[in-house]
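Q: Just dropping this structure here.
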Amino acid sequence: MEFLLNTNIQFYILAYMVGGIPFGLLLAKIYASVNILEEGSGSIGATNVLRAIKDKDPVLAKKLSIMTLVFDALKGVFVLLVAQALGLSESVLWAIAVLSVVGHCFSPFLKFEGGKGVATGMGVSFYMLPIETLIGIVVWFIFAKTVRISSLSSMGGLVAVLTSFYIIQPNAVHAPMILIAFFIFYKHIPNFIRLIKGEEKRVV
């Protein structure tokens with residue numbers, strides 16, 4: 001068990017565990033007495049928090065949805081900040097970023113189920129790739145205001161981040177960001193199936 005004394009390994013475990021904290025589930029249960037795992041898509045993310053609570057209390061639903069988005073985005077950033085303050089390398093920071101998203105998507109607190117990884121992915125990518133992520137956020141916002149389908153908005157923003165990353169930093173190591181994109185894409189497969197069937201709901 002000596003490997004657990006390695007600082008990098010400790011941060012990898014911390015990133016996965018913190019990434020797995022289901023803020024949406026906790027906030028909905030504490031403030032609205034709603035189990036979002038049994039409502040809507042069953043996801044723990046901000047969109048499902050909004051859908052699950054909106055009929056009960058629209059104002060509270062928006063507040064909890066925003067809080068979920070912020071907390072999910074910041075949980076990976078928190079670990080990155082501490083790791084960088086301790087002087088850990090960029091490769092370790094990227095591993096922390098990936099594991100934060102993995103933790104959210106496959107939470108150890110939810111029998112390895114979890115959310116879609118969008119907010120957590122946005123948070124860590126903004127920390128590592130601020131310009132590229134800002135471009136992705138703009139694209140996401142455009143999709144969100146026009147198409148109004150959360151999954152399509154997320155994919156549009158994700159593609160924009162990846163594309164701009166390749167254009168702005170063609171010689172960088174792109175594998176960690178590709179991994180993050182893969183996990184987010186994988187978690188959205190049920191959404192794509194609903195899109196094909198015409199059953200994917202719009203955010204109103």
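Q: Can you tell me the order of 95-108, 36-49 when each peptide is scored by its average per-residue count of other Cβ atoms within 10 angstrom, highest first?
A: Going by the mean number of other Cβ atoms within 10 Å, highest first, we get 95-108, 36-49.
Q: Setting aside same-chain residues fewer than 8 positions from Lys29, which lysines have a Cα under 16 Å from its Cα?
A: Result set, ordered by chain and number: Lys54, Lys56, Lys62, Lys63.
Q: Another question about this same structure. Restricting to DSSP H runs of at least four residues, report the calculated mean residue ellipticity at 222 nm for the chain, -39500 (n - 2.57) per run over all residues, nearest 500 deg cm²/dmol.
A: Helices in the chain give a 222 nm mean residue ellipticity of -23000 deg cm²/dmol.
Q: Are there DSSP H segments in the chain that both extend 20 Å or more along their axis (alpha-carbon positions) and score a mean Kyte-Doolittle hydropathy of at least 0.5? List them, or say none.
A: Both cut-offs are met by 58-85, 90-105, 130-146, 150-168.
Q: How much length is gained on full extension from Ile189 to Asp55, taking 0.36 nm per residue of separation minus their Cα-Cα distance?
A: Result: 45.6 nm gained on full extension.
Q: Under 19 Å between alpha carbons, and skipping anything fewer than 8 positions from Lys197 in its own chain: which lysines qualify?
A: Lys187
Q: Let's test the formula: R0 of 30 Å, r as the Cβ-Cβ distance of Thr163 and Asn8. What FRET efficiency results, to the nearest 0.05? Please report the intermediate quantities before stating the final value.
A: Details: r = 30 Å, r/R0 = 1.01.
Computed FRET efficiency for Thr163 and Asn8 comes out at 0.50.
Q: Could you give the distance between the Cα centres of the range 74-149 and the range 29-57, to the whole Å?
A: Going from one Cα centre to the other spans 22 Å.
Q: Going by average Cβ density within 10 Å per residue, which order do the peptides 15-21, 5-11, 195-201 take, highest to lowest?
A: Numbers: 15-21: 22.9, 5-11: 13.0, 195-201: 11.3.
Packing proxy ranking, top to bottom: 15-21, 5-11, 195-201.
Every read-out reported here was derived from the displayed coordinates using simple, explicitly stated rules and does not represent laboratory data. Not measured: the values here are computed from a predicted model. Cβ atoms come from the backbone with ideal geometry, glycine included; neighbour counts cover every protein chain shown.
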